[in-house]
Protein chains: 2
Amino acid sequence: MNAQRVAYNHLKHLIMSGELPANAPISAEVVGRALGISRMPVREALLQLQAEGLVTFGANRRPFVTARTQKEIVELFEIRVALESLAIERAAPRITPAILDQLGRQLDRMEKATSDPKRWLARHDEFHDIIYAASDMPRLMDEIRRTRYSIQPYIFMYINAYKIPEMPGAEHATIADVLARRDPSLARSALAQHIRDAASGVIYFLMSGQGPAPAIAAPRQRVVSKEKVL
Amino acid sequence: MNAQRVAYNHLKHLIMSGELPANAPISAEVVGRALGISRMPVREALLQLQAEGLVTFGANRRPFVTARTQKEIVELFEIRVALESLAIERAAPRITPAILDQLGRQLDRMEKATSDPKRWLARHDEFHDIIYAASDMPRLMDEIRRTRYSIQPYIFMYINAYKIPEMPGAEHATIADVLARRDPSLARSALAQHIRDAASGVIYFLMSGQGPAPAIAAPRQRVVSKEKVL
DNA sequence: TCCACAAGAACTGTATCCAGTTTATGCCCC
DNA sequence: GGGGCATAAACTGGATACAGTTCTTGTGGA
């Protein structure tokens, strides 16, 4: 595994888990030192993270964790609705009993992970990926993944705060049931509803003052803390 | 303007215009020498182009111009339908007389550029951007732009070969007319139809043996010519 | 006390160098 | 003449060095 990949995975994990909050500056040199590599591969990792929307380069070309406004988060959820609706629409007629089995087993895994938000979210994403994989549209899956990544930090904050509240999988079981009927527009509606529900939860959470209030409310270029820079 | 940007613009232009065909290897050193810079900024430009889907790194980490299969191109057009439908749907209720004027003037510009495919395509993209800008969804516009870029080379080949055949703007005038009624679902249908028409044209062109037949039919890792490598 | 400015520190962009890997060349043997 | 292997060339990833820019800090004057 090359240094670039190491830096990429490291930073991606820190950002998506929220350990590096929005607007936190990222020093390529500090990161490199922490990982025992130079700042060059870190820089290249940062470029890739920029392409995924997780990192932004400021006016001074200095990288920091991308801060999304509420408006942008709503927008990104709407983009997800558009992309994932397409995916499930194409997947629906291609659903097989084997895939339904797989979805059932995945629901079990999600159930078992309810105590661990991070693990649950991973299982949850896998659940959706199983469905989208059936669409046989790999480029679309790429787009979906990218969009998902860019709001992951906020979703993670949300489920972390509420400890996975009313989403114990009931809604996901519904989606699996609807898919069994292989009806594209039915599946589409169910999924759109599902995503919009999640969106309202996240947005409400962010508006309720929880979450990174200053980061969301007033995305500043400069950041005070020099500690948690890594 | 820094060296990285120079390399990025240079390569992007070469790829989107088709001067660098699919599967053409790209030597960072050769490009750098041609531009009077070192290969380091070229490398970083290549990473960004990879994020936009125009460049791919092979198994040996060597970059080449991304080759899309017909299946992928169809997929990317379907993604465009999903994203741009959303955009025009949101834009429709926000259309103002000023925007309609702007669209009218843009139609004139397109008309004047019919003799120059490259120029016409640029004006065409601007026409669509005017509409999407009205949606007030900047992140969505980013996604649309990225998706558009990744099939641009094939669209360019198509309109270059047919010298802008039956798309003299009549269909675009229709879209502008529909937008005047500010009806989201009407606008959505008209645009989806428009994109799918373009898609069929491009796909038919590629299937008809014109276009980069070997690149499309059999995307090979290795390439014979060492001439047009730049 | 507060502002302005200047020196110093920190950071970015880029070139160059080195090591490790992959590809090409050419020779030898069959 | 053709295939296999060894050597050489080319290329990539990464580290380091250096120049130019931006930020920080501290001092002096109002």
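For B:ARG145 and B:GLU126, compute 0.36 nm times the residue count separating them, minus their Cα-Cα distance, and round to one decimal in nm. Kindly include the intermediate steps, with their values, before the conclusion.
Working: separation 19, 0.36 × 19 = 6.84 nm, distance 1.09 nm.
Here the segment from B:ARG145 to B:GLU126 would lengthen by 5.7 nm.
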Chain lengthening between A:ALA98 and A:ARG39 when straightened (0.36 nm per residue, less Cα-Cα)
16.6 nm
How much FRET efficiency would the formula 1/(1 + (r/R0)^6) give for B:ALA133 and A:ASP116, where r is the Cβ-Cβ distance and R0 is 35 Å, rounded to 0.05?
0.20
In nm, one decimal, shortest first: how far is the label point of A:ARG5 (7 Å from Cα along Cα to beta carbon) from the matching points in the other copies?
3.4
Chain A: relative contact order as a whole-number percent, Cα under 8 Å and 6+ apart:
30 percent
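Near B:PRO184, within a Cβ-to-Cβ distance under 9 Å, what is the net charge of the other residues, with Lys and Arg +1 and Asp and Glu -1?
Working: positive: B:ARG90, B:ARG182, B:ARG188; negative: B:GLU89, B:ASP183.
The answer is +1.
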What does the convex hull of the Cα atoms come to per residue for the protein assembly as shown, in Å³?
168 Å³
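Please give the net charge around B:ALA28, taking every other residue with its beta carbon less than 12 angstrom from that of B:ALA28, where Lys and Arg add +1 and Asp and Glu add -1. Don't skip to the end; give the middle numbers.
Working: positive: B:ARG33, B:ARG39, B:ARG43, B:ARG61, B:ARG62; negative: B:GLU29, B:GLU44.
Around B:ALA28, the surrounding residues sum to +3.
Which of the peptides B:108-117, A:124-133 is most tightly packed, and how do the rest follow, going by the mean number of other Cβ atoms within 10 Å of each residue? Spell out each step's value before the answer.
Details: B:108-117: 15.0, A:124-133: 18.8.
Those peptides, ordered most packed to least, come out A:124-133, B:108-117.
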Taking a point 7 Å out from Cα toward Cβ as the label site, list the nm distances between B:ALA133 and the same residue in every other copy, smallest first.
4.3
The percentage of the accessible area of the protein assembly as shown (probe 1.4 Å, all protein chains present) made up of carbon and sulfur atoms, to the nearest whole number, is 53 percent
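Between A:ARG61 and B:THR174, what FRET efficiency comes out of the Förster formula 1/(1 + (r/R0)^6) with R0 = 45 Å and r the beta carbon distance, rounded to 0.05? Spell out each step's value before the answer.
Working: r = 44 Å, r/R0 = 0.99.
Efficiency for this residue pair is about 0.50.
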Averaged across B:70-77, how many Cβ atoms of other chains sit within 10 Å of each residue's Cβ atom?
3
For the range A:70-207, what's the relative contact order in percent, using C-alpha pairs closer than 8 Å and at least 6 residues apart?
44 percent
Which Cβ of chain A lies nearest the axis of the rotation superposing A onto B, and at what whole-Å distance?
A:ALA51, 1
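Per residue of A:137-143, what is the mean number of Cβ atoms on other protein chains within 10 angstrom of that residue's Cβ? Let's see the in-between values first.
Numbers: counts 7, 3, 12, 5, 1, 3, 9.
Mean number of neighbouring Cβ atoms from other chains: 6.
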Can you give the net charge of the other residues whose Cβ lies under 9 Å from the Cβ of A:ALA92, counting K and R as +1 and D and E as -1?
+3
Amide H neighbours of B:ALA24 under 5 Å, at least 5 residues apart or on other chains, H built in the peptide plane: list them.
B:VAL65
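The values are calculated or read from the model by the stated rules, or taken from the named source; none is laboratory data. Fair warning: this is a prediction, and the values are worked out from it, not measured in the lab. So basically every Cβ, Gly included, is an ideal-geometry build from the backbone, and we count neighbours across all protein chains shown. Remember, those area values only see protein heavy atoms, side chains included, never the ligands or the DNA or RNA. Shrake-Rupley method; radii C 1.70, N 1.55, O 1.52, S 1.80 Å.
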